[in-house]
Amino acid sequence: MRLFLTGLMASAAAAAFSATADAADYVFATPDEAYAILSADDEFTLRLQPMEIGLRLADNAQTSREALNALYRDSVRNFTDEERARLEALLAEDAALLDSLSPLLPDDVLFIATNGGLDGGFPHTRGNAIVFTPGWLAGGDAGFRQTFYHELWHVLSRHNRDRADEIFGLIGFEPCEVILPESLSERRLTNPDAPFNAHYAPLEMDQADGVVPVLFLPEGGYDPALEGGFGAHLGFALMAVDAVDGTCRAATDADGNPMLIAPGNLPQYLDLIGRNTGYIIHPEETLADNFVLWVNGAEGVPDPEVVERLGAWIEANR
Ligand SMILES: [Zn+2]
């Protein structure tokens, strides 16, 4: 997802965009191809729970995958000629950079056009596809390119899931099987770009071994009275955890409740992951924003060493 908090197979005859034979192809998906990706059983849809489907459909009575798929079917469309031209211009302008990233990317990176009605209307990714929204496609050039690279990182990262420990380790996270407490588990909110919690941030803390950033819905799930739509339903906290033998369970307070900490109250979390972005809801998102900084040349950021570590990993693996 690309949340602006503080400051996301054409036939051979179609315009698959690739400069060299073994470079990743960037392909504009047809609505049928887009639907096939969105409705697939994958790491995102297989984790979806009823309450969060209800949020995505803005109706607590609609909690089935079938209902969600109907939304996907209604949301996909063809790119306009203008949108295609804009994306092709970006691909042409950045061909050297994109070619150099090809070894880390799938053979095909698909582009999906939507009318914005899915997953909160946020740019995001699924499988090897980037899901474009009307607002993004019509937005200014700087944001257009930054969001492209933010989302491209998610495709790259997903393509290298077997190296997630290494990748999240770039900002200090360590692998851990995270067990959510009962009070949060049915309210869990799954981010398509970071659908799992399998790492924690080890920190010096009095009553815990570290934290896991978690997203969750309000009690009761989707609330039609809550102004602000999907985004207003996103709860975020750093859940304090005890890490024992590779398993992270919520550390509890004196009343037995999980300790959910606001990031502002835990500066050591930002010491660990860096302060280059306010987008800290998951290491995957923090890395995506640091990837954009790497692409753009990270002039004057608070923690350039984070961008350098990420860049060194890319250089060593592409
Ligand atoms: Zn994202």
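Things worth noting here:
- Residue in segment 120-141 that is among the charged types (D, E, K, R) and surrounded by fewer than 19 Cβ atoms within 10 Å (Cβ to Cβ) present: yes
- Of the candidates PRO267, PRO258, PRO304, the single residue that is at pLDDT 95 or above, surrounded by fewer than 22 Cβ atoms within 10 Å (Cβ to Cβ), away from the ligand (no atom under 16 Å from the Cβ) and under 20 Å from VAL178 (Cβ atoms) is PRO258.
- Single unsatisfied condition, HIS154 versus (1) under 23 Å from GLY256 (Cα atoms); (2) within 16 Å of the ligand (Cβ to nearest atom): (1)
- Given (1) at pLDDT 95 or above; (2) farther than 18 Å from ASP193 by Cβ; (3) of a type in the set (Gly, Ala, Ser), index of the condition SER18 fails: (1)
- Conditions (1) aliphatic (A, V, I, L, M); (2) within 19 Å of PHE196 (Cα to Cα); (3) outside any helix (DSSP H, G or I): number failed by ALA298: (2)
- Looking across segment 149-191, the residues that are in a strand (DSSP E or B) and under 21 Å from ASP209 (Cα atoms) come down to GLU174, PRO175, GLU177, VAL178, ILE179.
- Screening the candidates LEU98, LEU104 for the property of being crowded, with 16+ Cβ neighbours inside 10 Å, touching a Leu at 6+ places or on another chain (Cβ under 6 Å) and over 23 Å from HIS233 (Cα atoms) yields one hit, LEU104.
- Lone unmet requirement of (1) part of a helix (DSSP H, G or I); (2) of a type outside the set (S, T, N, Q); (3) within 27 Å of THR190 (Cβ to Cβ); (4) in contact with a strand residue (DSSP E or B) (Cβ under 9 Å, 6 or more places away or on another chain) for VAL109: (1)
- Single residue of GLY140, GLY169 found to be more than 16 Å from the ligand (Cβ to nearest atom), closer than 30 Å to ASP303 by Cα and assigned by TED's automatic domain parsing to the domain that holds GLY246: GLY169
The values are calculated or read from the model by the stated rules, or taken from the named source; none is laboratory data. Since we're looking at a predicted model, the values are computed, not measured. Counting neighbours? That spans all protein chains shown, and the Cβs are built from the backbone with ideal geometry, glycine included.
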